[in-house]
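Input: a single structure, listed below in structure tokens.
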Amino acid sequence: MSPEPDAPRSTDSQPSLTLTLAQIHVEAGDVDGNIDRALEAIERAAEKGTDLVALPELFTVGYFAFDCYQRAAEPLEGETLTRIREAAADHGVAVLAGSIVEDLSETESVETPADEGLANTAALIDSTGDVVLVYRKHHLFGYDSAESELLVPGDRLEVAPVGGFTIGVTTCYDLRFPELYRRLVTEGADLLLVPSAWPYPRIEHWETLSQARAIENQCYLATINGSGEFDDATLLGRSTVYDPWGVPVASSGDEPTLVSAELDPGRVGRVREEFPALRDRRL
């Protein structure tokens with residue numbers, strides 16, 4: 001069944017937010033080159049008039065470059081996020097720094113889940129360059145991956161206002177754990193950003209899980225994947241924006257690209273009012 005049309009839009013609706021997913025090429029271990037590509041993507045997106053740019057998971061080092069994690073680790077106050085924050089302020093755009101390898105022992109500005117070790121950490125930065133949300137990946141992948149051996153799982157789960165939306169962040173493998181998303185929606189999230197490093201061949205999982213999280217939570221959801229090949233994996237790209245009905249409104253193939261969509265802050269509320277599934281839940 002096709003979704004029914006929204007109720008008429010009120011005349012005092014908030015301005016739309018232009019979201020750009022930066023599906024950049026991520027090269028294993030090439031931290032300097034990867035950061036340069038991320039900064040270039042932010043600049044190009046800003047020139048096209050975007051309001052919020054989202055980068056992929058571990059865009060600095062490459063998810064599958066496990067041997068490089070320790071070398072690439074830095075605190076939240078380190079050079080990478082400093083440069084991203086400066087770019088956000090210079091261009092007047094918000095940025096989701098998809099994630100970096102965080103050195104927990106060196107971070108000082110935000111409480112950490114452990115006194116030492118590494119974490120897969122995303123930071124949401126507003127258009128003035130301030131960090132407004134920090135998310136450390138909760139669910140660490142153990143299937144043909146060293147992530148669960150190398151990293152400390154996160155325990156922060158928060159939302160932050162940007163451009164008329166209340167934003168929540170999760171990361172890649174988190175998509176398989178729907179209770180995490182319901183918690184964010186309970187906290188008020190109406191736009192969920194999911195930086196990822198999802199590889200071939202699990203295309204159906206990538207698309208179905210993402211769409212399901214949008215449908216069941218009646219919110220916008222955007223998956224931001226990288227592009228690139230590693231020794232044992234190739235990222236499948238397909239970064240996508242889903243609307244509150246779960247309909248893809250913008251998507252890509254597997255090559256480096258920018259994917260943009262205009263999001264209406266009032267639409268989530270209208271959809272939830274028209275089809276009140278969240279109000280009917282009993283658990």
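Here, each number is a calculation from the coordinates, and none is a lab measurement. Being a predicted model, the structure only gives us computed values, none of them experimental. Reconstructed Cβ throughout: ideal geometry from the backbone, glycine too, with neighbour counts over all protein chains shown.
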Evaluate the charge dipole of the stretch 101-176 about its Cα centre and quote only its size in Debye, nearest 20, assuming +1 on the Cβ of each Lys and Arg and -1 on the Cβ of each Asp and Glu. 420 debye
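Averaging sequence separations of C-alpha pairs under 8 Å and six or more residues apart, then dividing by the length of the chain, give the relative contact order as a whole percent.
Values: 664 pairs, mean separation 57.2, N = 283.
Averaging sequence separation for qualifying contacts and normalising by length gives 20 percent for the chain.
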Rank by packing, highest mean first: peptides 248-259, 46-57, with packing defined as the count of other Cβ atoms within 10 Å averaged across residues. 46-57, 248-259
Would you mind checking the tilt of helix 203-217 against the longest principal axis of the Cα atoms of the chain, expressed as 0 to 90 degrees and rounded to 10? 50 degrees
Shape call for the stretch 167-266 from the C-alpha gyration tensor, a ≥ b ≥ c root eigenvalues: rounded (a/c under 1.5), prolate (a/b greater than b/c) or oblate? prolate
Which listed residue (Ala146, Ala45, Val185) has the Cα farthest towards the positive end of the charge dipole for the chain, taking +1 on Lys and Arg C-beta and -1 on Asp and Glu C-beta about the Cα centre? Val185
How big is the charge dipole of the chain about its Cα centre, in debye rounded to the nearest 20, if each Lys and Arg gets +1 on its Cβ and each Asp and Glu gets -1 on its Cβ? 1200 debye
Computed over the chain: longest principal axis from alpha-carbon atoms vs helix 31-47 long axis, angle to nearest 10 degrees, is 30 degrees
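Packing-wise, with mean Cβ within 10 Å as the measure, how do 201-209, 99-107 rank, highest first? Mind showing how you got there, number by number?
Working: 201-209: 13.8, 99-107: 21.8.
Result, highest mean Cβ count within 10 Å first: 99-107, 201-209.
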Amide H to amide H, which residues 5 or more places from Ile125 or on other chains are under 5 Å from it, using H placed in the peptide plane? Val95, Leu96, Ala97, Val132
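Take every DSSP beta bridge whose two residues both sit in the chain, then give the antiparallel share in percent to the nearest 5. Walk me through the intermediate numbers first.
Numbers: 31 of 48 bridges.
Bridges in the chain are about 65 percent antiparallel.
Label the stretch 18-280 by shape, choosing from rounded, prolate and oblate, from the square roots a ≥ b ≥ c of the eigenvalues of the Cα gyration tensor; if a/c is under 1.5 it is rounded, and otherwise prolate applies when a/b is larger than b/c, oblate when it is not. Write out the running numbers ahead of the final one.
Values: a/c = 1.36, a/b = 1.30, b/c = 1.04.
Taking the square roots of the gyration eigenvalues as a ≥ b ≥ c, the stretch 18-280 is rounded.
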With θ set to phi - 60°, apply the Karplus curve 6.51 cos²θ - 1.76 cosθ + 1.60 along the stretch 269-283 and write out the HN-Hα couplings as whole Hz, x wherever there is a Gly or Pro. x, 5, 5, 5, 6, 5, 10, x, 5, 5, 5, 8, 5, 10, 10
What dipole magnitude, in Debye to the nearest 20, does the stretch 130-283 give about its Cα centre under +1 on Lys/Arg Cβ and -1 on Asp/Glu Cβ? 640 debye
Round to the nearest 10 and give me the degree value, 0 to 90, for the angle of helix 79-91's Cα axis relative to the longest principal axis of the chain. 40 degrees
